[in-house]
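For reference, the structure is listed below as structure tokens.
The values are calculated or read from the model by the stated rules, or taken from the named source; none is laboratory data. Predicted, not measured: the structure shown is a model, and the values here were computed from it. As a convention, Cβ positions derive from the backbone with ideal geometry for all residues, glycine included, and neighbour counts pool all protein chains shown.
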């Protein structure tokens, strides 16, 4: 409640004793998240990293988000002991944690950026049966040649190159090589799915950027916390995950105008957060009925009922 009312992780009511003593576990929170987000089809996941500094201290979180109704929602995370990229070992640990909650048959795809490459990493995902869409660097070898060399053969008027079953990091992968509108090289590889559909699928990865903005500068000000101890930050991220899911569940029930370009005027998370703040701020004026209805969304049965009536 303090997180939602203040919209800021620095709120005084986030009592210090809670973070020092409350046994909040990321794995338990992940179970709750999946129960609150019913899915009849296979789930899509996004892997990325968010980082901030407090003085000379790095806070660096590797996060796995699950896509649900077009929104990236935090599911599991690992806090890194340094400020740089994640190791293959830590990434595989995170994916093993997911496989304790879901079978690989329930995972439709994992989207990942250029940081998440390497033969051991991609080979292990292939072995476990987790489909991968990953962006490659220009120096990545595709069938024995760097990606940049492939792009040199791109003829005027051609939008891109599609390569089926090319060898990438020792695995057969379908690859798309093209340029963005800004002229940036874009190379996407997939262990499943046709090359012609890779780009449209990979666009889903950018939804985790919206998640990070909502947790940080555009929402809960996560990077403003003075907490740096991993066990304390871990509990804060658990709280933020629960608050974020609640905002999504509430936001999906709100009406929102659509702008000329076809996008919503406000994000689902923003709508949900505003509704929660207003509802609990007016509880003494309007009574408890509306607040209790919103609290009821935190029961998985209520989420299922909302889905069944077409929200």
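Taken over segment 84-105, the criterion of being buried (at least 17 other Cβ atoms within 10 Å of the Cβ) and touching a strand residue (DSSP E or B) at 6+ places or on another chain (Cβ under 6 Å) is satisfied by 86, 94, 97.
For residue 89, state whether it is more than 30 Å from residue 267 (Cβ to Cβ) and in a strand (DSSP E or B).
Numbers: more than 30 Å from residue 267 (Cβ to Cβ): yes; in a strand (DSSP E or B): no.
So residue 89 does not fit the description; no.
Selection of segment 177-235 for residues being in contact with a helix residue (DSSP H, G or I) (Cβ under 6 Å, 6 or more places away or on another chain) and farther than 30 Å from residue 56 by Cβ yields 177, 187, 188, 190, 191.
Scanning segment 221-252 for residues that are buried (at least 18 other Cβ atoms within 10 Å of the Cβ) and more than 24 Å from residue 27 (Cα to Cα) gives 251, 252.
Step by step: first the residues of segment 253-278, then only those that are surrounded by fewer than 20 Cβ atoms within 10 Å (Cβ to Cβ) and at pLDDT 85 or above, then the one that is farthest from residue 70 (Cα to Cα). Which residue is that? Walk me through it before giving the result.
Within segment 253-278, the subset surrounded by fewer than 20 Cβ atoms within 10 Å (Cβ to Cβ) is 253-266, 270, 274-275, 277-278.
If we keep only those that are at pLDDT 85 or above as well, we get 253-254, 270, 274-275, 277-278.
Numbers: 253: 14, 254: 15, 270: 14, 274: 19, 275: 20, 277: 23, 278: 25 Å.
Out of the qualifying residues, it is 278.
Taking the residues in segment 51-77 that are assigned to a strand (DSSP E or B) and free of Cβ contacts under 8 Å to residues at least 40 places away in the same chain as candidates, determine which candidate is surrounded by the fewest Cβ atoms within 10 Å (Cβ to Cβ). Spell out how you get there, then give the answer.
Initially, segment 51-77 is screened for residues assigned to a strand (DSSP E or B), giving 51-54, 57-68, 71-77.
The next check asks that each one be free of Cβ contacts under 8 Å to residues at least 40 places away in the same chain; those that pass are 51, 53, 58, 60, 62, 64, 66.
Numbers: 51: 16, 53: 12, 58: 16, 60: 20, 62: 23, 64: 22, 66: 22.
The extreme case among them is 53.
Take the residues in segment 85-101 that are within 18 Å of the chain's Cα centre (by Cα) and free of Cβ contacts under 8 Å to residues at least 24 places away in the same chain, then tell me which one is farthest from residue 43 (Cα to Cα).
Initially, segment 85-101 is screened for residues within 18 Å of the chain's Cα centre (by Cα), giving 85-86, 90-99, 101.
Checking which are free of Cβ contacts under 8 Å to residues at least 24 places away in the same chain leaves us with 93, 96.
Details: 93: 19, 96: 16 Å.
The extreme case among them is 93.
The residues in segment 102-121 that are more than 13 Å from residue 45 (Cα to Cα) and touching a helix residue (DSSP H, G or I) at 6+ places or on another chain (Cβ under 6 Å) can be counted, and the count is 3.
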